[in-house]
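Since the structure comes first, as C-alpha coordinates, the remarks are kept for the end.
The values are calculated or read from the model by the stated rules, or taken from the named source; none is laboratory data. In this text, all values refer to a predicted model and were calculated from it rather than measured experimentally. For neighbour counting, all protein chains shown are included, and Cβ atoms are generated from backbone atoms with ideal geometry for every residue, glycine included. Accessible surface areas use protein heavy atoms only, side chains included; no ligands, DNA or RNA. Shrake-Rupley method; radii C 1.70, N 1.55, O 1.52, S 1.80 Å.
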Amino acid sequence: MDLQISLFLLFVLFTGGHSLNCNDCISLAGSCDQSRQCPTESTNCFSATVTVNSTTYQVKSCAPGVCPSGSVNLGIGRVSSACCNTDLCNAQDAPDLSNNTPNGNKCYYCNGQSCSKTVICSGSEDRCFNATTSLGNPSTAVKGCASKSICDAPNLIPAVVGISCCSGNLCNGAESVTQSFLFLCCSLLSFILLH
(Lines give C-alpha, C1' and ligand atoms only; values in the text may rest on other atoms or scores of the structure.)
Protein backbone atom coordinates (compact mmCIF):
# COMPACT_ATOMS: atom_id res chain seq x y z
CA MET A 1 0.00 0.00 0.00
CA ASP A 2 2.84 2.44 0.86
CA LEU A 3 4.47 1.64 -2.48
CA GLN A 4 1.27 2.58 -4.35
CA ILE A 5 1.00 5.91 -2.50
CA SER A 6 4.68 6.63 -3.14
CA LEU A 7 4.32 5.89 -6.86
CA PHE A 8 1.19 8.06 -7.05
CA LEU A 9 2.96 11.00 -5.38
CA LEU A 10 6.00 10.54 -7.61
CA PHE A 11 3.70 10.55 -10.68
CA VAL A 12 1.98 13.75 -9.51
CA LEU A 13 5.33 15.47 -8.93
CA PHE A 14 6.63 14.64 -12.40
CA THR A 15 3.44 15.51 -14.29
CA GLY A 16 2.60 18.67 -12.34
CA GLY A 17 5.67 20.56 -13.56
CA HIS A 18 5.38 19.63 -17.24
CA SER A 19 5.13 22.61 -19.59
CA LEU A 20 3.68 22.45 -23.05
CA ASN A 21 5.98 22.62 -26.07
CA CYS A 22 4.68 24.52 -29.11
CA ASN A 23 5.98 25.53 -32.51
CA ASP A 24 6.91 29.22 -32.35
CA CYS A 25 7.47 31.26 -35.52
CA ILE A 26 6.20 33.79 -38.04
CA SER A 27 6.80 32.82 -41.66
CA LEU A 28 5.78 33.84 -45.16
CA ALA A 29 6.14 30.39 -46.63
CA GLY A 30 7.68 27.10 -45.80
CA SER A 31 7.86 25.07 -42.67
CA CYS A 32 7.99 26.17 -39.08
CA ASP A 33 10.13 23.78 -37.09
CA GLN A 34 11.20 26.12 -34.31
CA SER A 35 9.73 25.03 -31.00
CA ARG A 36 9.88 26.32 -27.46
CA GLN A 37 8.75 25.39 -24.00
CA CYS A 38 5.74 27.51 -23.06
CA PRO A 39 5.30 29.37 -19.77
CA THR A 40 3.22 27.41 -17.26
CA GLU A 41 0.21 29.73 -17.73
CA SER A 42 0.08 28.79 -21.43
CA THR A 43 -2.09 25.72 -21.74
CA ASN A 44 -2.58 25.80 -25.53
CA CYS A 45 -0.67 26.03 -28.77
CA PHE A 46 -2.12 28.09 -31.59
CA SER A 47 -1.63 28.45 -35.29
CA ALA A 48 -2.91 31.41 -37.30
CA THR A 49 -3.07 32.20 -41.00
CA VAL A 50 -3.01 35.97 -41.60
CA THR A 51 -3.69 37.37 -45.08
CA VAL A 52 -3.16 41.09 -45.78
CA ASN A 53 -2.99 42.56 -49.29
CA SER A 54 -2.58 39.11 -50.90
CA THR A 55 0.35 38.23 -48.64
CA THR A 56 -0.15 35.27 -46.31
CA TYR A 57 1.75 34.75 -43.06
CA GLN A 58 1.76 31.74 -40.75
CA VAL A 59 2.00 32.53 -37.03
CA LYS A 60 2.52 29.83 -34.41
CA SER A 61 3.10 30.12 -30.68
CA CYS A 62 1.95 29.36 -27.14
CA ALA A 63 -1.42 30.68 -25.98
CA PRO A 64 -3.06 31.31 -22.61
CA GLY A 65 -6.10 29.38 -21.36
CA VAL A 66 -8.62 31.13 -23.65
CA CYS A 67 -7.78 30.28 -27.22
CA PRO A 68 -10.70 30.11 -29.66
CA SER A 69 -10.56 28.64 -33.13
CA GLY A 70 -12.30 30.69 -35.80
CA SER A 71 -11.81 33.54 -38.24
CA VAL A 72 -12.06 37.32 -38.54
CA ASN A 73 -12.52 39.32 -41.75
CA LEU A 74 -11.53 43.00 -41.55
CA GLY A 75 -12.24 43.74 -45.20
CA ILE A 76 -8.59 44.63 -45.79
CA GLY A 77 -7.30 41.39 -44.30
CA ARG A 78 -8.36 38.09 -42.73
CA VAL A 79 -7.18 35.93 -39.86
CA SER A 80 -7.94 32.27 -39.23
CA SER A 81 -6.83 30.61 -35.98
CA ALA A 82 -6.79 27.09 -34.61
CA CYS A 83 -5.92 25.98 -31.06
CA CYS A 84 -4.86 22.67 -29.55
CA ASN A 85 -3.43 21.49 -26.23
CA THR A 86 -0.78 18.80 -26.76
CA ASP A 87 2.96 19.07 -27.40
CA LEU A 88 3.78 20.46 -30.88
CA CYS A 89 0.15 20.07 -31.97
CA ASN A 90 0.32 23.37 -33.89
CA ALA A 91 2.59 21.91 -36.57
CA GLN A 92 -0.41 22.00 -38.92
CA ASP A 93 -1.21 25.44 -40.40
CA ALA A 94 -4.52 27.10 -39.55
CA PRO A 95 -7.07 26.77 -42.36
CA ASP A 96 -6.32 28.87 -45.45
CA LEU A 97 -8.98 31.53 -45.92
CA SER A 98 -8.68 32.01 -49.67
CA ASN A 99 -11.19 29.29 -50.54
CA ASN A 100 -13.95 29.95 -47.97
CA THR A 101 -17.46 30.03 -49.36
CA PRO A 102 -19.59 33.14 -48.65
CA ASN A 103 -22.26 32.44 -46.00
CA GLY A 104 -24.75 35.19 -46.94
CA ASN A 105 -23.85 37.55 -44.08
CA LYS A 106 -22.53 41.09 -44.71
CA CYS A 107 -20.87 43.47 -42.27
CA TYR A 108 -19.39 46.96 -42.39
CA TYR A 109 -15.62 47.36 -42.22
CA CYS A 110 -13.25 50.31 -41.82
CA ASN A 111 -10.64 51.18 -44.45
CA GLY A 112 -8.87 53.99 -42.58
CA GLN A 113 -11.05 56.76 -43.99
CA SER A 114 -14.57 55.56 -43.24
CA CYS A 115 -16.50 52.60 -41.91
CA SER A 116 -19.17 52.55 -44.61
CA LYS A 117 -17.84 49.83 -46.91
CA THR A 118 -19.22 46.30 -46.67
CA VAL A 119 -17.52 42.93 -46.65
CA ILE A 120 -19.09 39.56 -47.46
CA CYS A 121 -18.55 37.10 -44.60
CA SER A 122 -17.61 33.50 -45.27
CA GLY A 123 -17.17 30.18 -43.55
CA SER A 124 -17.86 30.35 -39.80
CA GLU A 125 -17.98 34.19 -39.71
CA ASP A 126 -21.57 34.43 -38.48
CA ARG A 127 -21.25 37.71 -36.50
CA CYS A 128 -20.46 41.35 -37.22
CA PHE A 129 -18.30 43.24 -34.73
CA ASN A 130 -17.31 46.75 -33.65
CA ALA A 131 -14.13 47.47 -31.72
CA THR A 132 -11.50 50.13 -31.11
CA THR A 133 -7.77 49.70 -31.41
CA SER A 134 -5.30 51.73 -29.41
CA LEU A 135 -2.37 51.07 -31.76
CA GLY A 136 -2.53 54.61 -33.12
CA ASN A 137 -3.18 58.04 -31.72
CA PRO A 138 -6.07 58.70 -31.80
CA SER A 139 -7.78 55.35 -31.36
CA THR A 140 -9.17 53.79 -34.52
CA ALA A 141 -12.46 52.02 -35.16
CA VAL A 142 -12.29 48.40 -36.33
CA LYS A 143 -15.24 46.55 -37.86
CA GLY A 144 -15.83 43.37 -39.80
CA CYS A 145 -16.99 39.75 -39.66
CA ALA A 146 -16.06 37.25 -36.95
CA SER A 147 -16.79 33.71 -35.81
CA LYS A 148 -18.91 33.31 -32.67
CA SER A 149 -15.97 31.70 -30.87
CA ILE A 150 -13.88 34.86 -31.40
CA CYS A 151 -16.74 37.03 -30.10
CA ASP A 152 -17.02 34.84 -27.00
CA ALA A 153 -13.40 35.70 -26.05
CA PRO A 154 -13.41 39.54 -26.27
CA ASN A 155 -10.15 40.11 -24.36
CA LEU A 156 -8.14 37.85 -26.62
CA ILE A 157 -6.54 40.44 -28.89
CA PRO A 158 -4.10 42.88 -27.26
CA ALA A 159 -4.62 46.61 -28.01
CA VAL A 160 -8.21 45.97 -29.17
CA VAL A 161 -10.88 47.11 -26.72
CA GLY A 162 -14.63 47.48 -26.58
CA ILE A 163 -15.38 44.51 -28.82
CA SER A 164 -19.10 44.03 -29.34
CA CYS A 165 -20.64 41.48 -31.68
CA CYS A 166 -24.10 41.21 -33.23
CA SER A 167 -25.99 38.83 -35.51
CA GLY A 168 -27.58 39.83 -38.81
CA ASN A 169 -26.63 41.63 -41.99
CA LEU A 170 -24.94 45.01 -41.48
CA CYS A 171 -25.83 45.04 -37.77
CA ASN A 172 -22.50 46.69 -36.86
CA GLY A 173 -23.66 50.05 -38.32
CA ALA A 174 -21.85 52.33 -40.74
CA GLU A 175 -20.36 55.60 -39.62
CA SER A 176 -19.96 58.04 -42.43
CA VAL A 177 -19.68 61.80 -42.73
CA THR A 178 -22.63 61.84 -45.13
CA GLN A 179 -25.03 60.26 -42.61
CA SER A 180 -23.83 62.55 -39.81
CA PHE A 181 -24.17 65.60 -42.03
CA LEU A 182 -27.67 64.52 -43.14
CA PHE A 183 -28.74 64.02 -39.52
CA LEU A 184 -27.36 67.46 -38.59
CA CYS A 185 -29.20 69.11 -41.50
CA CYS A 186 -32.51 67.40 -40.59
CA SER A 187 -32.13 68.43 -36.95
CA LEU A 188 -31.38 72.02 -37.91
CA LEU A 189 -34.32 72.12 -40.35
CA SER A 190 -36.68 70.73 -37.68
CA PHE A 191 -35.47 73.32 -35.18
CA ILE A 192 -36.06 76.19 -37.65
CA LEU A 193 -39.51 74.94 -38.68
CA LEU A 194 -40.73 74.30 -35.15
CA HIS A 195 -39.53 77.61 -33.65
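With a Förster radius of 35 Å applied to the beta-carbon distance between Q34 and D152, the computed FRET efficiency rounds to 0.70.
Name all residues of the stretch 32-76 having a backbone nitrogen under 20 Å from the label point set 7 Å from the Cα of N21 along its Cα→Cβ direction, giving them as ranges. Answer for the stretch 32-76: 32-47, 60-64. For the stretch 58-150, carbon and sulfur atoms together expose 52% of the accessible surface, with a 1.4 angstrom probe and every protein chain in place.
Highest mean packing comes first when the peptides 69-76, 123-130, 20-27 are listed by Cβ atoms within 10 Å, giving 123-130, 69-76, 20-27. Tally Lys/Arg at +1 and Asp/Glu at -1 over every other residue whose Cβ is under 14 Å from the Cβ of I150; what's the total? Its environment carries a net charge of +1. Residues L28, L135 ordered from highest to lowest accessible area at a 1.4 Å probe: L135, L28.
Between amide H atoms placed 1.01 Å from N, distances below 5 Å from N21 occur with C38, D87, L88, all of them 5 or more places distant or on a separate chain.
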